[in-house]
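Below you'll find the structure, written out as structure tokens, and then a few comments.
What follows is calculated from the coordinates using simple rules that are stated; it is not laboratory data. No experiment lies behind these values; they were computed from the predicted model shown. Because the Cβ atoms are built from the backbone with ideal geometry, glycine has one as well, and the counts that use them run over all protein chains shown.
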Amino acid sequence: MMIRKFLMISMLAGGVALSACNTVQGVGEDIKSVGECGEDVMEGGDC
């Protein structure tokens with residue numbers, strides 16, 4: 001019974017950790033795209 005609880009908690013913690021990594025990666029990609037858009041605008045182009 002104790003092992004089952006430990007495995008369940010471990011799986012939940014692992015899922016939360018993986019989803020957090022994906023979220024941080026997505027934010028980084030969004031910031032990168034905003035920077036690229038800003039460069040395009042400064043060069044006279046569009047986003």
Diffusion constant of the chain at 37 °C, which comes from Stokes-Einstein with the Kirkwood Cα-pair radius and 0.692 mPa s, µm²/s:
244 µm²/s
When the charge dipole of the chain is computed with +1 on Lys and Arg Cβ and -1 on Asp and Glu Cβ about the Cα centre, the Cα farthest towards its positive end, among Met42, Met8, Thr23, belongs to Met8
Roughly speaking, what is the stretch gain from Thr23 to Met11, that is 0.36 nm per residue apart minus the C-alpha to C-alpha distance, in nm to one decimal?
2.5 nm
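So what is the calculated 222 nm ellipticity per residue for the chain, using -39500 (n - 2.57) for each DSSP H run with n of 4 or more, over all residues, to the nearest 500 deg cm²/dmol?
Numbers: 1 runs with 41 residues, N = 47.
For the chain, the value works out to -32500 deg cm²/dmol.
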